[in-house]
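Below you'll find the structure, written out as structure tokens, and then a few comments.
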Amino acid sequence: MEAMKHPRLSILAWSLYDFANTIFAMNVVSYNFALWITDTHGTDDLAYSLALSISTAVVALAVPLLGAISDRYDRRMPYLRGYTLGCVLFTMLLGTVKHASTALIFFSIANACFQISNIFYNALIPQISTKGRMGRMSGIGTGTGYIGAIIGLIIVKPFKDVGGYQAAFIPTALCLLLFALPCLILIRDPSSGPARVTPRDFVRGWKKVSQTFRDARKYSSFFLLLLSSFLVLNAINTIIAFMSVYAQKVVGFTDENIFFFMIICTLFAVVASFVFGFVSDRLGALRTLKWTLGVWILAVVGGIFATTQAALWMIGPLVGIALAGTWVTSRVVVAELAPRRKTGEFFGLFGLAGRFSAILGPLVWGVTTWLFSSLGVMRYRIALGAMLVFILLGLRILRRVRMPEVENTR
């Protein structure tokens with residue numbers, strides 16, 4: 001396999017992609033765009049929710065099909081390169097627009113490209129790692145990603161301080177491109193087959209995905225994982241998107257407070273990523289994921305009842321730990337459940353659960369804050385309570401998932 005001729009270089013290049021795309025996730029989705037569109041432009045939370053939901057709906061329709069096609073040709077990199085460059089382009093365009101409506105369209109496209117690229121990036125794990133070390137590999141990538149989030153915040157802050165939230169977008173796009181390049185250039189697919197998608201490939205792709213759904217009983221644990229992930233990610237994706245808004249509206253964080261709050265959360269996520277990588281290999285990714293959801297429950301309950309800035313500062317580290325644990329362990333669980341020739345398809349279907357959750361979760365948040373707008377900041381606590389319900393239901397279903405014997409005997 002060409003990508004494994006220099007395994008350490010491949011691991012470094014793969015991890016740097018996590019470094020790159022987390023800069024986008026933090027600087028655009030979680031921080032600057034959310035505040036720019038709702039605060040500076042005065043756009044309602046529901047409009048931002050709709051932009052997230054629509055872009056995610058497009059991804060939800062495309063990803064399982066693209067995953068199946070990538071499995072057919074054993075190709076990941078052409079798709080990863082194309083969608084990464086699309087994300088870079090439309091993030092740069094965000095730095096030039098004047099109208100909120102245009103910004104929401106460009107954000108939707110950039111976010112869709114970002115989400116699709118992550119599917120193909122995650123599907124590279126079995127290619128650059130071995131089965132017994134996938135947890136550590138995932139932890140290295142996730143930890144490197146959160147380091148990227150911190151560095152990205154620091155790099156972009158001077159631009160934002162001078163030019164406002166919008167000034168953060170072009171530097172963010174350039175950082176994404178710069179740190180993604182090693183992965184895009186150095187990682188090679190094991191196959192040199194065609195990457196061009198034809199109408200016949202779409203038909204075959206749909207048939208392959210349909211067959212997997214028909215074989216649901218054969219892959220029962222995987223489909224339980226999909227359902228659990230759908231519920232849990234409703235909460236997580238929404239919390240990430242509205243975290244800065246919640247901190248500002250509910251406990252009165254200033255922009256400077258939010259910046260350092262993000263840094264603190266991410267520092268804990270960095271350490272937790274490496275720890276969870278080793279723990280998941282030792283105790284099993286599924287068991288570790290269950291414990292991670294327990295941390296999420298503590299963090300969300302704390303956020304609902306937080307009445308002071310000090311309380312939110314204490315909850316921030318829990319969010320960082322839980323977020324890291326979720327990303328490290330969940331993609332290892334998928335990789336261990338997936339047959340070798342269905343890796344892309346399974347990650348695509350897993351991405352489908354995440355994408356549909358990113359449609360419903362923000363909509364629930366937006367509609368809740370709109371329905372209870374007369375209650376002032378209490379509407380945000382109610383919306384966060386809805387996210388807690390998603391996590392509790394997801395944990396209940398996750399307990400029914402059974403891993404292959406290789407994990408149960410560890």
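The values are calculated or read from the model by the stated rules, or taken from the named source; none is laboratory data. None of these values were measured; they are calculated from a predicted model. No Cβ is skipped: glycine too gets one built from the backbone with ideal geometry, and neighbour counts run over all protein chains shown.
So, of the residues in the range 332-352 that are crowded, with 24+ Cβ neighbours inside 10 Å and at pLDDT below 80, which turns out to be nearest to the chain's Cα centre (by Cα)? Top of the filtered list is G351.
Would you check which residues across the range 95-111 are surrounded by fewer than 24 Cβ atoms within 10 Å (Cβ to Cβ) and part of a helix (DSSP H, G or I) and list them? Passing the criteria: A100, S101, T102, A103, L104, I105, F106, S108, I109. Pairs meeting the criteria (first residue in the range 385-410 and farther than 18 Å from G354 by Cβ and at pLDDT below 90, second residue among the aliphatic types (A, V, I, L, M) and part of a helix (DSSP H, G or I), beta carbons under 6 Å, at least 6 apart or on different chains) are M403/L286. Number of residues in the range 236-259 that are over 22 Å from S330 (Cβ atoms), in contact with a helix residue (DSSP H, G or I) (Cβ under 9 Å, 6 or more places away or on another chain) and not β-branched (V, I, T) equals 10.
For the residues I239, I264, the requirement of being modelled with pLDDT of 85 or more, in a helix (DSSP H, G or I) and closer than 19 Å to L293 by Cα singles out I239.
Looking only at residues that are in contact with a Ser or Thr (Cβ under 9 Å, 6 or more places away or on another chain) and surrounded by fewer than 23 Cβ atoms within 10 Å (Cβ to Cβ) in the range 54-64, which one is nearest to L371 (Cα to Cα)?
Out of the qualifying residues, it is I54.
If the condition is being without any contact (Cβ under 8 Å) to a residue 60 or more places away in the chain and more than 18 Å from the chain's Cα centre (by Cα), then the range 254-278 contributes T254, E256, N257, F260, F261, I264.
A Cβ distance below 8 Å, combined with a sequence gap of six or more or placement on separate chains, defines the contacts here; from the range 68-81, residues that are of a type in the set (D, E) and assigned to a loop (DSSP other than H, G, I, E, B) reach residues that are at pLDDT below 80 and surrounded by fewer than 20 Cβ atoms within 10 Å (Cβ to Cβ) in the pairs D74/P190; D74/S191; D74/G193.
Residues that are crowded, with 23+ Cβ neighbours inside 10 Å, aliphatic (A, V, I, L, M) and modelled with pLDDT of 85 or more do occur in the range 362-383, at least one of them.
Please tell me if V271 is modelled with pLDDT under 90 and more than 22 Å from G141 (Cβ to Cβ). So V271 fails the test.
Is there a residue being modelled with pLDDT of 90 or more and part of a helix (DSSP H, G or I) anywhere in the range 200-223? Lay out the reasoning, then the answer.
Residues of the range 200-223 modelled with pLDDT of 90 or more: none.
Checked the range 200-223: no residue is modelled with pLDDT of 90 or more and part of a helix (DSSP H, G or I).
What are the residue pairs meeting all of these: first residue in the range 279-299, first residue on the phi > 0 side of the Ramachandran plot and surrounded by 22 or more Cβ atoms within 10 Å (Cβ to Cβ), second residue in a helix (DSSP H, G or I) and of a type in the set (S, T, N, Q), Cβ atoms under 8 Å, and 6 or more apart or on different chains? Sorted first by the residue in the range 279-299, then by its partner, the pairs are G284/N408.
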